[in-house]
Amino acid sequence: MMQAQEQLDGIQGVVAELIHVPKEFEIAIEIVLGNSLQNIVTETDADAREAVAYLKEKQAGRATFLPLDALRTSSMRTRDLVLLEQEGVVGIASNLVHCEPKYRDMVQYLLGRVVVTKDLDTAVALGRELGSYARIVTLEGDTVSPGGAITGGSLPKNDGSGLLQRRQQVGRLEKAIRE
């Protein structure tokens, strides 16, 4: 799809290209976003519809599009923000990710109801308090879903295989070459 970017108007890029995640949050954000890192951001919903028609016409597969003019963002409820002040809570994921201002709503759409914690114990305790409202991810990538399910375990040893890790590594190497 991204090869067709020249032929289609309004394609901004994929989520992984449009956000910058500080190294200490890469695992958490990569885990919580998962396949959404490959979602294609478009300027408008008309651009997204045109891209879907292109994929159908070319029988080139499927993709998820995030039209900037149509995303409905959500954020933590004011009454829950006080819960985020407890020890072990890092913050709301959307506040930990950097991007150009025009992509802020996209980040809020994807991460505005995700809380990052330092550890699984904090995540489970916070999950009980927040109920079915927010998803929680630890810095190590363990997750507590809004319904209470817990997902975790070991990840491959920092082999750089994650999409965000590879992108960040390329950026660091390009910077080193320039210097």
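Sort Ile150, Ile31, Ile136 by accessible area with a 1.4 Å probe, largest first.
Ile150, Ile31, Ile136
Quick query: amide H of Gln12 versus all other amide H atoms, modeled in the peptide plane; which residues come in under 5 Å with a sequence gap of 5 or more or a different chain?
When sequence neighbours closer than 5 places are left aside, the close amide H contacts are Val41, Thr42, Glu43.
Can you pull the accessible area of Lys175 for me, 1.4 Å probe, Å² to the nearest 10?
The accessible area comes out at roughly 110 Å².
How much accessible area per residue does segment 59-138 have, counting only protein heavy atoms and a probe of 1.4 Å, in square angstrom?
55 Å²
If the reach is capped at under 15 angstrom between alpha carbons, list the aspartates and glutamates near Lys56, excluding any in the same chain fewer than eight residues apart.
The qualifying aspartates and glutamates are Asp47.
Filter the GluC sites (Glu not before Pro) in segment 2-61 to those in DSSP coil with at most 12 other Cβ atoms within 10 Å of their Cβ, and list the result.
Of the GluC sites (Glu not before Pro), not one in the loops of segment 2-61 has a Cβ with at most 12 other Cβ atoms within 10 Å.
Two-decimal Rg/Rh of segment 77-133 from alpha-carbon positions, Kirkwood Rh?
Rg/Rh: 1.00.
The values are calculated or read from the model by the stated rules, or taken from the named source; none is laboratory data. Only a predicted model underlies this, so the values are computations on that prediction, with no experimental measurement involved. Please note: Cβ atoms are built from the backbone with ideal geometry, for glycine as well, and neighbour counts cover all protein chains shown. Please note that ligands, DNA and RNA were not included when accessible areas were found on the heavy atoms of the full protein model with its side chains. Shrake-Rupley method; radii C 1.70, N 1.55, O 1.52, S 1.80 Å.
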